[in-house]
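Heads up, the thing below is written out as structure tokens.
The values are calculated or read from the model by the stated rules, or taken from the named source; none is laboratory data. Since the structure is predicted, the reported quantities are computational estimates derived from the model, not experimental observations. Here the Cβ positions follow ideal geometry from the backbone for every residue, glycine too, while neighbour counts run over all protein chains shown. To get the accessible areas, we keep the full protein, side chains included, count just its heavy atoms, and leave off ligands, DNA and RNA. Shrake-Rupley method; radii C 1.70, N 1.55, O 1.52, S 1.80 Å.
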Amino acid sequence: MRITNEQLKLFLTDSNLIPKNRLEDAFKEAESSKKDLGPLLLEKELVDEAGLQKIYAYVLGIPFVDLTKENIPLEILQIVPEPIARKYNIVAFERQDKNLKVAMLVPEDLQTIDFIKKKSGYRIVPCLTTRESIQEALKHYEKSLKAEFGDLLTVTAEKADEGEDSGSLEKMASDLPVVRIVDTLLKHAILQSASDIHIEPSEKEVLVRYRIDGVLHDAMTLPRDAATGIVARIKVLSNLKLDEHRQPQDGRFKIEKDGYRISFRVSILPVFDGEKIVMRLLDESSKGLTLEKMGLTGRALEAVHREIHKPNGIILVTGPTGSGKTTTLYTVMDILNTPEVNISTVEDPVEYRMPRVNQTQINPKVGMTFAAALRSLLRQDPDILMVGEIRDQETLEIALHAAMTGHLVLSTLHTNSAAATLPRMLDMGAEPFLIASTTNVIVAQRLVRRLCQECKKPYRLDAEEAEALESSVDVKEVLASLRAEGAGVKPTEGEGKSLRDFTFYRPGGCDQCGGEGYRGRIGVYEVLEMDTDIRKLVSASATSEEIERQAKKNGMISMAVDGFVKAASGMSTIEEVLRVTKE
């Protein structure tokens, strides 16, 4: 069943899929270096993997399938055992009478086909697919938490009554059922792209919840007796004290497996019914995040790019906890991280590791506060400084003076809007002239859930809905932005003089998004770029309302308006925008 280089070349020549001169060059290189032509065409980006696999399927006379959007029934999937499926990249996806269709990457793997045939008793129909398709299909093995736990919980409950001295806790933590339960909970959180895991004990049960796209979802209810072993296991992973039940403890651990690298930040807090655990998941393997992908567009994006490339000044990102401020700062650092500059950070805690960046963890117990660390960093010849959060007057003043003396400073503050940040710094005791002369740009942000593009449903606002929105948002400002900055958002009828002239979208619910209607999150932003007018207002200690009014005159778009543009673009919904921007 192997396709020779000559066969592949003949087919590609006849089909005109690749320019003949480039195909001839690749064929000669493959022959001289004794390589297969297909992988070489992939390497030279003359064809993508899906295209190549389709060509192979056509030449071999076997079907090509794409499983990325298929919902494979568990009973069919499990005909091929999971270890075999993962090792040999083969997935059963359809059964008809005595025929079993399997998706493969290597159809000439006759040994594996023969093994599945003998084990299942079916006639095997091989189909070609892509690596991405196989990876998506493999996730179906892990859809059901309950199916995977089986009898483990019963076994764990029986062992929970053995006492709670340090020795028995250590034994319980290393016991196989407990290890598998915790591993499964962590694995499913990773698969569902959860940002946090909550393990909450109550009088009769233990509730496990995942925060997915900013919203908590119940994942599993475990017997109360399983709590002790689970807590002990997580303490062992995090290198915490097993016999400490009265004091809060913080730790972290890392999982590196199957191409991902996830860091878990663990917080354990004593509560009335035991110990509550919250774990923050940080994906250290995710790369390629850009400001555009995060949701910055148009004039706001241009302003941020313009200001971050200045040699000095301070760039502030504001918003509540969990609004993506740290991710924005790391994305900016990634843009600026070149061999020509020295970047140093002071953080609490260090959330992501970044190559060529000197990251310092604060430790107030030994006097290593933000202010003390920042003062020391200024003696380390930095070009760019990142301060995880400005919490007090001393840190603020050092950061402002660093920006004044030729450093670019990145930091975060907890304020509700971009304009409110400047009076907040005045309240913290900073001099107005210092704020006015050093601040480059302030980015306020929130995260909204992104609509699933497979099942979103278009709709139009009726008169009642449009009228209700007038009390929540400045409709004139929204309409002006939809017309000017809508990035392809055009009125479906009329001239765009009313919100009823535009199409918005609602969540549907499909297999791709687990019935939620949403997949992932995107930011809504307001970017306040400092100019002469704003600097004069800050120097005069103006209120946030006065600053915001002037900023809007100068072209700033508020978060709510940015959200409405994204809602009309089909990225999110009006309900999501109002949920995160209402004050």
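Residue pairs whose Cβ atoms lie under 6 Å apart, sitting 6 or more positions apart in sequence or on different chains, and linking a residue in region 520-545 that is farther than 20 Å from S481 by Cα to a partner that is surrounded by 17 or more Cβ atoms within 10 Å (Cβ to Cβ) and of a type in the set (V, I, T), are M530/T439; L537/I547; V538/I435. Quick one: is E397 open to solvent by 70 Å² or more (accessible area, probe 1.4 Å), over 31 Å from the mean Cα position of the chain (by Cα) and on the phi < 0 side of the Ramachandran plot? When the stated conditions are applied, E397 does not pass them. Taken over region 342-366, the residue count meeting the criterion of being part of a loop (DSSP other than H, G, I, E, B) and open to solvent by 50 Å² or more (accessible area, probe 1.4 Å) is 5. Among the candidates V59, V47, the residue that is in contact with a helix residue (DSSP H, G or I) (Cβ under 6 Å, 6 or more places away or on another chain), in a helix (DSSP H, G or I) and either of a type outside the set (D, E, K, R) or surrounded by 15 or more Cβ atoms within 10 Å (Cβ to Cβ) (or both) is uniquely V59. Looking at (1) within 30 Å of G517 (Cα to Cα); (2) crowded, with 17+ Cβ neighbours inside 10 Å, which one does A232 not meet, given that it meets all the others? The single condition A232 does not satisfy is (1). For region 181-216, a residue qualifies if it is among the small types (G, A, S) and either surrounded by 20 or more Cβ atoms within 10 Å (Cβ to Cβ) or within 14 Å of the chain's Cα centre (by Cα) (or both), and the qualifying residues are A189, S193, A194, S195, G214.
Please verify whether M220 is farther than 30 Å from H309 by Cα, open to solvent by less than 20 Å² (accessible area, probe 1.4 Å) and in contact with a helix residue (DSSP H, G or I) (Cβ under 7 Å, 6 or more places away or on another chain), treating the condition exactly as stated. Judged against the criteria, M220 is a match.
Residue-by-condition table, conditions (1) in contact with a His (Cβ under 7 Å, 6 or more places away or on another chain); (2) surrounded by fewer than 19 Cβ atoms within 10 Å (Cβ to Cβ); (3) closer than 30 Å to A420 by Cα:
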position	(1), (2), (3)
P270	yes, yes, no
T290	no, yes, yes
G295	no, no, yes
L301	no, yes, yes
G313	no, no, yes
G319	no, no, yes
S323	no, no, yes
T328	no, no, yes
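If the condition is being touching a helix residue (DSSP H, G or I) at 6+ places or on another chain (Cβ under 7 Å) and surrounded by 18 or more Cβ atoms within 10 Å (Cβ to Cβ), then region 367-383 contributes F370, A371, L374. Filtered by the rule that a residue be over 20 Å from T318 (Cβ atoms) and either touching an Asp or Glu at 6+ places or on another chain (Cβ under 9 Å) or in a helix (DSSP H, G or I) (or both), region 541-575 gives K553, F564, V565, A567, A568, I574, E575.
Residues that are of a type in the set (V, I, T) and farther than 28 Å from R521 by Cβ: find the helices (runs of 4 or more DSSP H) completely inside region 373-480 holding 1 or more of those.
On the way: elements: 393-404, 418-427, 432-438, 463-469.
Because the criterion is at least 1 residues that are of a type in the set (V, I, T) and farther than 28 Å from R521 by Cβ, the helices (runs of 4 or more DSSP H) in region 373-480 that meet it are 393-404, 432-438.
On the given criteria, is L17 assigned to a loop (DSSP other than H, G, I, E, B) and on the phi < 0 side of the Ramachandran plot?
Working: assigned to a loop (DSSP other than H, G, I, E, B): yes; on the phi < 0 side of the Ramachandran plot: yes.
Criteria met by L17.
Flag: V332 does not match the condition of being open to solvent by less than 20 Å² (accessible area, probe 1.4 Å), more than 30 Å from Y260 (Cα to Cα) and of a type outside the set (G, A, S).
Would you mention how many residues in region 82-99 are part of a loop (DSSP other than H, G, I, E, B), open to solvent by less than 40 Å² (accessible area, probe 1.4 Å) and free of Cβ contacts under 8 Å to residues at least 40 places away in the same chain? Residues meeting the conditions: 0.
Every condition in (1) in contact with a Phe, Trp or Tyr (Cβ under 8 Å, 6 or more places away or on another chain); (2) touching a residue at least 60 places away in the same chain (Cβ under 8 Å); (3) among the hydrophobic types (A, V, I, L, M, F, W, C) holds for I55 except the one numbered (2).
Being over 27 Å from R519 (Cβ atoms), of a type outside the set (S, T, Y), open to solvent by 20 Å² or more (accessible area, probe 1.4 Å) and part of a strand (DSSP E or B) holds for only one residue in R252, R265, and it is R252. The residues of region 20-34 that are open to solvent by 90 Å² or more (accessible area, probe 1.4 Å) and on the phi < 0 side of the Ramachandran plot, listed by number, are K20, N21, R22, D25, K28, E31, S32.
For A551, the conditions (1) of a type in the set (G, A, S); (2) buried (at least 20 other Cβ atoms within 10 Å of the Cβ); (3) on the phi > 0 side of the Ramachandran plot are fulfilled apart from (3). Among the conditions (1) in contact with a strand residue (DSSP E or B) (Cβ under 9 Å, 6 or more places away or on another chain); (2) surrounded by fewer than 20 Cβ atoms within 10 Å (Cβ to Cβ); (3) not in a loop (DSSP other than H, G, I, E, B), G508 misses just one, which is (3).
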